[in-house]
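The values are calculated or read from the model by the stated rules, or taken from the named source; none is laboratory data. Just so we're clear, the structure is a prediction, and the values are computed from it rather than from any experiment. In this analysis, Cβ positions are derived from the backbone assuming ideal geometry, glycine residues included, and neighbour counts consider all displayed protein chains. Keep in mind that these areas ignore ligands, DNA and RNA; they rest on the heavy atoms of the full protein, side chains included. Shrake-Rupley method; radii C 1.70, N 1.55, O 1.52, S 1.80 Å.
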Amino acid sequence: MVATSPHRRNSFARGLSLFLALALCAAAQAQTWPQKPVRMVVAYPPSGTTDVAGRLLAERMSRTLGQQVVVDNRAGAGGMIGALSVVHADPDGYTLLLAASPEVSIAPVTVKAMQYDPAKDLIPITLVGQVPFFLVANPAFPPNTVAELIAYSKANPGKINYSSFGNNTSNHLGGELFKLKSGVDATHVPYKGSGPSIIDVMAGQIQYTFDAPPAVLNQVRAGKLKAIAIASTKRLPGADTVPTMAEAGMPGFTAGTWFGLLAPAKTPRAVIERINTVAVAELNSPELRKSYEDRGILPGGGSPEDFARFIHSEIAKWQQLATTVGIKPE
Amino acid sequence: MSNTRHIYTNATLIDSVRPTPIPNTSVVVENGRITQILEGGAKADTANAVVTDVAGAYLMPGLWDVHIHPDYLQLADVPLADQVTLFGHKLIAALTDSGIVGLRCAGAHHYMDVAWKRAFDTGQYVGPHLYAAGHFLTTTGGHFLTSGHALECDGPYGFVHAIREQMKNGVDHIKLNLSGGIMGPAWDLHTHSFLLDEEIKAAFAICHQREFKVMAHATNPQAVKAAIKLGAHSIEHGYILDDECIDLFLEHGTWYVPTLAITHLTPNQAQTDFERRWVKNRNLMQSLCCRADAAADVHAHWFEKALKAGVKMAVGSDIRPLKEAALLEIGLWAKDGATPWQTLLATTKHGAEVCGAGKDLGTIEVGKIADMIVVAGNPLEDINNVQRLQLVIKNGDIITDKRAPA
């Protein structure tokens, strides 16, 4: 038996009291959250897919919580301005980040001087949704399937261009991953955003690209683009004639973007759990699921730990790709 | 901001400074701002410039509408995300289809005006200059609750709290509704004031302390006088005024935004094809048309009296769609006795000044931002010629070209 001095026993008691007080305080905070409007930072401009996903969720959370969840668009620097504003916010549950993949899982691989570390400065709450990319091509481009694209590439080396939103963006990395896994030989042509990239695919200057459903589905329906495959594990409701990459012969190949809720580091665990419960319940509601699916967004959900693992795996995926194909942080 | 050097030659300049057109003028724009105005056929150095010959058409400042709202849609019918997208689309259309370069919001839910203001200001979208209000503030059982854009507040601290909340979310000014209106249920009357004295005083006190301008919805003399005396920046609507109101406007230099469209655009009053088509599409309830008709003559009377007295006035429509709203309101100013020059100033120079942007916008002068339009007819002969749009120029760049192909 180890003897303890009265002084050490008092210190222990004081420490235990402090711990219990903090734990009780956090639990009480979670029970009463929210007592005022909650700010949901979207690091992109209004009306884009991230904004739409955020506002659909915020509207429903506002109704459930009886407090407005206000979407605050803080766009710029590929999402990093908005993310940084949340990193610097009070960790009290009243400022959340509706993040997309660039500022959380791509920037750590592609940006040389990041001003925050997503793994240390932000706490995952839940995955909100995923937007798989379609592999789309100019209608006059001969291949109609992934297998035909691979064969065409072998027969016509150096004659295929593919486009992206810009260097080191989600569809650039997805495009490089596709080249790596399929062996397709294609030259990357970066654009400034989805709009100009799609326009040049439709015009035939670019043979194929990867892009999100809202950007391409209407063009596919109008016959101005053809959809070769969808880079997700499931076919997309509303576009279910398009095969998945696995069905097209590339099992395991997924690419796209995703959205998730995160909070500043040091936000009490009990508050994180409360937000997770509310958000996941909304994501499971038939109404929100339909709203998301109508817009080409696959609803998310899951625990904070699930989301943390997901982010970790995404960063690892891009890190491995960057190393393999030589993408340098800029 | 465009880095291109632009020269607009052979223009008939209407600069909103002088009340006459200046023929054969060239305007030079560099880095988005006007650097030279060459009159009397003087030639600009065209080296490294994009030259646009406007062929004698009328080059004037872009238009302003300083009282707007997003559409009145219910969240149950149209999800928030879609409402936000729609509002942005309509703001952009106002700029590109009608040359409305500046708009001041008078109430919008979920801070969608703040979101678009930021998106435009940072160049993420090409859009007009937008000044955001957030919600408009009224009392429980207050004005136009069905619009979706109202926030009901009660008691002095209720108003203070709501105003601080608007400020925190990035608004430019506070929209305070002191009275009822034309468009509402039977208990929402424009002849009634809604706020208690202590509520009004508290609301103005917090705005004054934080240096936020108050855009005051005031529809009867009692509300107008209270707002002006407490330091309102602008009075919106002013359907009923009295001589003391006019004196107070002049004494305090308060702006008056009459929003004639609210009382004047009914089936009984519509006169032009444009007005009749708009009225038909609007399909306003008969009871509200009656209220508007009943208020129109008094409104027109005080509008004219304020104009003649020299009250500072600006064009604000309070109707939708935004690309047609200001054009309709401009026509009503002419109908109610405003000269083309008075109306032109009200929808250009004064619009920018109400929004606190008079140093940079609202006239065509050296140093100002080149947000301009070109119209085919002389607006100083008939102000409705602003509808004959040929070009919309933003930061010196042509963003709309409606001229017939050569």
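For the stretch A:280-305, which residues satisfy the criterion of being assigned to a helix (DSSP H, G or I), open to solvent by less than 70 Å² (accessible area, probe 1.4 Å) and closer than 28 Å to residue A:269 by Cβ? If you could, list the steps in order and put the result at the bottom.
Just the residues of the stretch A:280-305 that are assigned to a helix (DSSP H, G or I), to begin with: A:280-283, A:286-294, A:304-305.
Now restrict to residues that are open to solvent by less than 70 Å² (accessible area, probe 1.4 Å): A:280-283, A:288, A:291-293, A:304.
The answer is A:280, A:281, A:282, A:283, A:288, A:292, A:304.
For the stretch B:55-169, which fully contained strands (runs of 3 or more DSSP E) count at least 2 residues that are free of Cβ contacts under 8 Å to residues at least 60 places away in the same chain, in contact with a Cys (Cβ under 7 Å, 6 or more places away or on another chain) and outside the structural domain of residue B:11 (by TED's automatic domain parsing)? Don't jump to the end; show me each part of the working.
Working: elements: B:58-61, B:63-68, B:100-105, B:129-131, B:136-139, B:150-153.
Passing ranges: none, list empty.
For residues that are within 12 Å of chain B (Cβ to nearest Cβ) and more than 20 Å from the chain's Cα centre (by Cα), tally how many sit in the stretch A:72-100.
Qualifying residue count, the stretch A:72-100: 1.
Considering only residues that are within 14 Å of chain A (Cβ to nearest Cβ) and open to solvent by 40 Å² or more (accessible area, probe 1.4 Å), which ones fall in the stretch B:141-199?
B:151, B:152, B:161, B:164, B:168, listed by residue number.
Can you name the residue in the stretch A:55-71 that is in contact with a Leu (Cβ under 8 Å, 6 or more places away or on another chain) and facing another protein chain (nearest Cβ under 9 Å) and is also surrounded by the most Cβ atoms within 10 Å (Cβ to Cβ) among such residues?
Checking each candidate, the answer is A:55.
Evaluate the stretch A:214-227: report whether one residue or more is part of a strand (DSSP E or B) and either polar (S, T, N, Q) or in contact (Cβ under 8 Å) with a residue 12 or more places away in the chain (or both).
Here is the first cut: in the stretch A:214-227, the ones part of a strand (DSSP E or B) are A:226-227.
Restricting the remaining residues to those that are either polar (S, T, N, Q) or in contact (Cβ under 8 Å) with a residue 12 or more places away in the chain (or both) gives A:226-227.
Scanning the stretch A:214-227, I find at least one residue that is part of a strand (DSSP E or B) and either polar (S, T, N, Q) or in contact (Cβ under 8 Å) with a residue 12 or more places away in the chain (or both), so the answer is yes.
State yes or no: is residue B:36 open to solvent by 10 Å² or more (accessible area, probe 1.4 Å), at pLDDT below 95 and outside any helix (DSSP H, G or I)?
Details: open to solvent by 10 Å² or more (accessible area, probe 1.4 Å): yes; at pLDDT below 95: no; outside any helix (DSSP H, G or I): yes.
Judged against the criteria, residue B:36 is not a match.
Of the residues B:81, B:93, B:57, which single one is closer than 22 Å to residue B:387 by Cα, within 14 Å of chain A (Cβ to nearest Cβ) and open to solvent by less than 50 Å² (accessible area, probe 1.4 Å)? Before the answer, list the steps.
Values: B:81 fails: closer than 22 Å to residue B:387 by Cα; B:57 fails: within 14 Å of chain A (Cβ to nearest Cβ).
So the residue among B:81, B:93, B:57 that is closer than 22 Å to residue B:387 by Cα, within 14 Å of chain A (Cβ to nearest Cβ) and open to solvent by less than 50 Å² (accessible area, probe 1.4 Å) is B:93.
Of the residues that make up the stretch B:230-245, is at least one surrounded by 24 or more Cβ atoms within 10 Å (Cβ to Cβ) and farther than 28 Å from residue B:320 by Cα? Outline the logic, then answer.
Residues of the stretch B:230-245 surrounded by 24 or more Cβ atoms within 10 Å (Cβ to Cβ): B:232, B:234-239, B:241, B:245.
Right, trim to farther than 28 Å from residue B:320 by Cα and you get B:245.
Yes, that holds for at least one residue.
Would you be able to say whether some residue in the stretch A:102-120 is small (Gly, Ala, Ser), surrounded by 17 or more Cβ atoms within 10 Å (Cβ to Cβ) and either within 13 Å of another protein chain (Cβ to nearest Cβ) or farther than 18 Å from residue A:276 by Cβ (or both)? Write out each step before concluding.
As a first pass, look at the stretch A:102-120 and keep what is small (Gly, Ala, Ser): A:105, A:107, A:113, A:119.
Applying the additional criterion that residues be surrounded by 17 or more Cβ atoms within 10 Å (Cβ to Cβ) yields A:105, A:107.
Going one step further and asking which of them are either within 13 Å of another protein chain (Cβ to nearest Cβ) or farther than 18 Å from residue A:276 by Cβ (or both), we end up with A:105, A:107.
Yes - at least one qualifying residue is present in the stretch A:102-120.
Anything in the stretch A:121-154 that is under 18 Å from the mean Cα position of the chain (by Cα) and open to solvent by 60 Å² or more (accessible area, probe 1.4 Å)? List them, or say none.
Matches in the stretch A:121-154: A:130 only.
Restricting to the stretch A:260-275, name every residue that is assigned to a helix (DSSP H, G or I) and surrounded by fewer than 21 Cβ atoms within 10 Å (Cβ to Cβ). Give the derivation first.
In the first step, residues of the stretch A:260-275 are kept if they are assigned to a helix (DSSP H, G or I); the result is A:269-275.
Across the stretch A:260-275, the qualifying residues are A:269, A:270, A:273.
Hey, can you tell me all the residues within the stretch A:43-54 that are more than 9 Å from chain B (Cβ to nearest Cβ) and open to solvent by less than 20 Å² (accessible area, probe 1.4 Å)?
A:43, A:50
Looking at (1) closer than 27 Å to residue B:73 by Cβ; (2) surrounded by fewer than 20 Cβ atoms within 10 Å (Cβ to Cβ), which one does residue B:205 not meet, given that it meets all the others?
Of (1) closer than 27 Å to residue B:73 by Cβ; (2) surrounded by fewer than 20 Cβ atoms within 10 Å (Cβ to Cβ), only one is false for residue B:205: (1).
Quickly run through the stretch B:165-182 and pick out the residues that are touching a helix residue (DSSP H, G or I) at 6+ places or on another chain (Cβ under 7 Å) and within 17 Å of residue B:216 (Cα to Cα).
The initial filter retains those residues of the stretch B:165-182 that are touching a helix residue (DSSP H, G or I) at 6+ places or on another chain (Cβ under 7 Å), namely B:169-171, B:174, B:176, B:178-179, B:182.
Matches in the stretch B:165-182: B:171, B:174, B:176, B:178, B:179, B:182.
If residue B:372 meets every condition in (1) in the same structural domain as residue B:181 (by TED's automatic domain parsing); (2) at negative phi apart from one, which number is that one?
Only one criterion in (1) in the same structural domain as residue B:181 (by TED's automatic domain parsing); (2) at negative phi is unmet by residue B:372, namely (1).
Kindly indicate whether any position in the stretch A:227-245 is of a type in the set (Val, Ile, Thr), open to solvent by 50 Å² or more (accessible area, probe 1.4 Å) and closer than 15 Å to residue A:131 by Cβ. Write out each step before concluding.
Residues of the stretch A:227-245 that are of a type in the set (Val, Ile, Thr), as a first pass: A:228, A:230, A:233, A:241-242, A:244.
Then drop every residue that is not open to solvent by 50 Å² or more (accessible area, probe 1.4 Å), which leaves A:233, A:241.
Pick out the ones that are also closer than 15 Å to residue A:131 by Cβ and you get A:233.
Looking through the stretch A:227-245, at least one residue is of a type in the set (Val, Ile, Thr), open to solvent by 50 Å² or more (accessible area, probe 1.4 Å) and closer than 15 Å to residue A:131 by Cβ.
Can you spot a residue in the stretch B:64-76 that is within 14 Å of chain A (Cβ to nearest Cβ) and either at pLDDT 95 or above or touching a strand residue (DSSP E or B) at 6+ places or on another chain (Cβ under 7 Å) (or both)?
The answer is yes; a qualifying residue exists.
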